[in-house]
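Q: Please find one structure pasted underneath; my questions will follow.
Coordinate-derived values only; no laboratory data. The structure displayed is predicted, hence computed values, not measured ones. Neighbour counts are summed over all protein chains in view; Cβ atoms, including those assigned to glycine, are modelled from backbone coordinates with ideal geometry.
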Amino acid sequence: MEQVKSGEPESRGSLDAWLDSAYRSLIESGIDAVRITPLAKKVNLSRTSFYWFFKDRETLLAALVERWRAKNTGNLIKQTQGYAESITEATFNVFDCWLDRNLFDFELEFAMRSWALQSAKVAAEINAADADRLEALKNMFIRFGYEPLSADVRARTLYLTQIGYISMKTHEDPAPRMRRIPHYVEIFTGRVPQQRELARFFARHGYTGGQSVDVASKRKKKAR
């Protein structure tokens, strides 16, 4: 059997292995834990193998920032631009980010904002991301006929509420959280979501209690 020579790619691990290990260290212990020697122990590789993939620690940290930027900011902006028949449906598209970790990583977001407290460079990245996300949300509201100032305020209310959830590490049980969502959407948009929009949103997140949440019917009863 042919033996793998020392130093061949098989013994170096992979870029993703190093980056995933750095990611886990960041969200579990903060940026000070993201160092080459501890990461080498985690991935069970030599320290020198790190340099096959990254020039230095700063290059690794830049890759972490890029992963966060592409996933959290990229996906949020994409969701604001998705197909929707109404502003309420568009807002449900954005809310997909808050429920699907494949779209938006809350732990990474919290870790990045904590890191920003120690780094002016990362703080600038956070500020730029916040600006880009808010602009995308504002444009979403404008697309559905809101005046620019109203669109800006609604975008800020929606976004900053969620950032508050993240910063406070707020945890909610799934059922009451899902029941609150259509009411959040009504508050953020000033429009009552349609039952068919709710049904689609609940279905894609596997929530089966949605039939009992009919905001429009409740509003009609109150108006009588």
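Q: Given the criterion crowded, with 19+ Cβ neighbours inside 10 Å and of a type in the set (V, I, T), identify the matching residue among T59, T73, T37, T48. Working first, answer last.
A: Details: T59 fails: crowded, with 19+ Cβ neighbours inside 10 Å; T37 fails: crowded, with 19+ Cβ neighbours inside 10 Å; T48 fails: crowded, with 19+ Cβ neighbours inside 10 Å.
The match here is T73.
Q: Pick out the one residue from A111, A124, A131 that is assigned to a helix (DSSP H, G or I), buried (at least 21 other Cβ atoms within 10 Å of the Cβ) and out of contact with any Asp or Glu (no Cβ under 8 Å at 6 or more places or on another chain).
A: Details: A124 fails: buried (at least 21 other Cβ atoms within 10 Å of the Cβ); A131 fails: buried (at least 21 other Cβ atoms within 10 Å of the Cβ).
Going through A111, A124, A131 in turn, just one is assigned to a helix (DSSP H, G or I), buried (at least 21 other Cβ atoms within 10 Å of the Cβ) and out of contact with any Asp or Glu (no Cβ under 8 Å at 6 or more places or on another chain): A111.
Q: Residues of the range 76-88 being surrounded by 18 or more Cβ atoms within 10 Å (Cβ to Cβ) and more than 19 Å from the chain's Cα centre (by Cα), which ones?
A: A84, I87, T88
Q: Output the residue which, of all residues in the range 148-200 that are of a type in the set (K, R) and within 22 Å of I126 (Cα to Cα), is nearest to the chain's Cα centre (by Cα).
A: Here is the first cut: in the range 148-200, the ones of a type in the set (K, R) are 154, 156, 169, 177, 179-180, 191, 196, 200.
If we keep only those that are within 22 Å of I126 (Cα to Cα) as well, we get 154, 156, 169.
Working: R154: 19, R156: 16, K169: 14 Å.
That would be K169.
Q: Look through the range 158-190, keep the residues that are farther than 18 Å from A129 by Cβ and hydroxyl-bearing (S, T, Y), and return whichever of them is surrounded by the fewest Cβ atoms within 10 Å (Cβ to Cβ). Reasoning before the result, please.
A: Let us first name the residues in the range 158-190 that are farther than 18 Å from A129 by Cβ, namely 168-190.
If we keep only those that are hydroxyl-bearing (S, T, Y) as well, we get 170, 184, 189.
Details: T170: 11, Y184: 18, T189: 20.
Per the stated criteria, the residue is T170.
Q: Could you count how many residues in the range 112-125 are over 15 Å from T73 (Cα atoms), in contact (Cβ under 8 Å) with a residue 24 or more places away in the chain and touching a helix residue (DSSP H, G or I) at 6+ places or on another chain (Cβ under 7 Å)?
A: Residues meeting the conditions: 2.
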